[in-house]
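J.: Structure incoming, see below.
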Ligand SMILES: *Cc1c(COP(=O)(O)O)cnc(C)c1O
């Protein structure tokens, strides 16, 4: 730890335990562990190494991420979720044995026309209703035939789609998407895949042959409304600082930039070594939960670049040097995200190089 005490601790055992939870929810499926965006901010290579014994494949966004995994010696199957961005990407994908997702007509044509030194495995993406990437359902059979007849494409072509609303277990859009996916792929052979974490945990009908958990591997719920009956996930990241000053303030004393918050009574306020320069969201409002020395309390005042302030009322024994958990076990990233009007995904992905990242292994499948 640096003496400042700001760090992001990643528990590799939690990653493995969460992957096991995905397998238990989808026991007959293969698992493509989604490690894009630097392993959701947890460190791409470290996450992939931790999961290498359990994941059947990894999914990343682009070649840079895939090549980092290959460069680190990972030999697993790797799917490029956004496929090639240029024709030249196909050569590099084939050379590294990467599996591009083909989602646009130009990619179908480029791959069908390619004469690659090594053939590659391709996944065809169906737009079943999200209307982001993917071929419209009616274009799928013809695109599949083009790829199946292409010299540089291995015979087994995967069929994949992405769910827009699976995080809401009551939204009928998911069922409609699955029906559209089934209809688009009717009669075509090859493995199918639709489930993100919310699909894994909430929509058994989306499991098909491969599931693609992301956020749940990192220990955050994919659902807008988590339920008691959801399998317990272990937060993989703890974002921590420490109390670097304790202030005894009077009723009416303002705290922090803009004097945006004032003490309602005489009270102690702790200053914690954690700020937006460490990835903690600046727009976290007063009242957002924080755990200081294991006890839950709340933020007060605006977040600074390197510091934030916490309410120490009722935490009498707590003094300078006390640890503060901004998210982790005692305060979940989902709670902080809720308070900030965002999702845990964004909080994780925005963790910058500072604070120091530290890897531990507290055990797990
Ligand atoms: C990011 C992503 C996933 C994983 O989604 P989570 O909600 O994090 O589980 C799965 N599939 C695709 C295509 C993705 O882009």
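The values are calculated or read from the model by the stated rules, or taken from the named source; none is laboratory data. Predicted model, so just to flag it, every value in this text is computed and none were measured. So basically every Cβ, Gly included, is an ideal-geometry build from the backbone, and we count neighbours across all protein chains shown.
J.: Any idea which residue in segment 27-40 is nearest to residue 210 (Cα to Cα), counting only those that are in contact with a helix residue (DSSP H, G or I) (Cβ under 7 Å, 6 or more places away or on another chain) and either within 12 Å of the ligand (Cβ to nearest atom) or assigned by TED's automatic domain parsing to the domain that holds residue 349 (or both)? Quick ask: steps written out before the conclusion?
T.: Just the residues of segment 27-40 that are in contact with a helix residue (DSSP H, G or I) (Cβ under 7 Å, 6 or more places away or on another chain), to begin with: 31, 33, 35-40.
Right, trim to either within 12 Å of the ligand (Cβ to nearest atom) or assigned by TED's automatic domain parsing to the domain that holds residue 349 (or both) and you get 31, 33, 35-37, 39-40.
On the way: 31: 6, 33: 10, 35: 15, 36: 17, 37: 21, 39: 19, 40: 20 Å.
So, considering only residues that are in contact with a helix residue (DSSP H, G or I) (Cβ under 7 Å, 6 or more places away or on another chain) and either within 12 Å of the ligand (Cβ to nearest atom) or assigned by TED's automatic domain parsing to the domain that holds residue 349 (or both), the one nearest to residue 210 (Cα to Cα) is 31.
J.: Please give the number of the condition residue 266 fails out of (1) away from the ligand (no atom under 15 Å from the Cβ); (2) within 22 Å of the chain's Cα centre (by Cα); (3) without any contact (Cβ under 8 Å) to a residue 40 or more places away in the chain.
T.: (2)
J.: Count, please, the residues in segment 77-91 that happen to be part of a strand (DSSP E or B) and surrounded by fewer than 19 Cβ atoms within 10 Å (Cβ to Cβ).
T.: The number of residues fulfilling the criteria is 1.
J.: If residue 364 satisfies every condition in (1) surrounded by fewer than 16 Cβ atoms within 10 Å (Cβ to Cβ); (2) in a loop (DSSP other than H, G, I, E, B); (3) on the phi > 0 side of the Ramachandran plot but one, which is the exception?
T.: (1) is the only condition that residue 364 fails.
J.: Determine, yes or no, whether residue 244 is outside any loop (DSSP other than H, G, I, E, B), surrounded by 18 or more Cβ atoms within 10 Å (Cβ to Cβ) and out of contact with any helix residue (DSSP H, G or I) (no Cβ under 8 Å at 6 or more places or on another chain). Quick ask: steps written out before the conclusion?
T.: Working: outside any loop (DSSP other than H, G, I, E, B): yes; surrounded by 18 or more Cβ atoms within 10 Å (Cβ to Cβ): yes; out of contact with any helix residue (DSSP H, G or I) (no Cβ under 8 Å at 6 or more places or on another chain): yes.
So residue 244 fits the description; yes.
J.: Here is a further query. Looking at (1) in a loop (DSSP other than H, G, I, E, B); (2) under 15 Å from the mean Cα position of the chain (by Cα); (3) under 30 Å from residue 273 (Cβ atoms), which is the only condition residue 217 fails?
T.: Every condition holds for residue 217 apart from (1).
Quick grid of which residues meet (1) surrounded by fewer than 19 Cβ atoms within 10 Å (Cβ to Cβ); (2) touching a helix residue (DSSP H, G or I) at 6+ places or on another chain (Cβ under 8 Å):
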{"residue": "150", "(1), (2)": "no, yes"}
{"residue": "167", "(1), (2)": "no, yes"}
{"residue": "171", "(1), (2)": "yes, no"}
{"residue": "202", "(1), (2)": "no, no"}
{"residue": "208", "(1), (2)": "no, no"}
{"residue": "221", "(1), (2)": "no, yes"}
{"residue": "228", "(1), (2)": "yes, no"}
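J.: Does residue 137 satisfy the criteria of being more than 22 Å from the chain's Cα centre (by Cα) and under 20 Å from residue 183 (Cβ atoms)?
T.: Judged against the criteria, residue 137 is a match.
Conditions (1) within 16 Å of the ligand (Cβ to nearest atom); (2) surrounded by fewer than 22 Cβ atoms within 10 Å (Cβ to Cβ); (3) in contact (Cβ under 8 Å) with a residue 60 or more places away in the chain; (4) outside any loop (DSSP other than H, G, I, E, B), marked per residue:
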{"residue": "4", "(1), (2), (3), (4)": "no, yes, yes, no"}
{"residue": "10", "(1), (2), (3), (4)": "no, no, yes, yes"}
{"residue": "13", "(1), (2), (3), (4)": "no, yes, yes, yes"}
{"residue": "23", "(1), (2), (3), (4)": "yes, yes, no, yes"}
{"residue": "55", "(1), (2), (3), (4)": "yes, no, no, no"}
{"residue": "59", "(1), (2), (3), (4)": "yes, no, yes, yes"}
{"residue": "74", "(1), (2), (3), (4)": "no, yes, no, no"}
{"residue": "93", "(1), (2), (3), (4)": "no, no, no, yes"}
{"residue": "107", "(1), (2), (3), (4)": "yes, no, no, yes"}
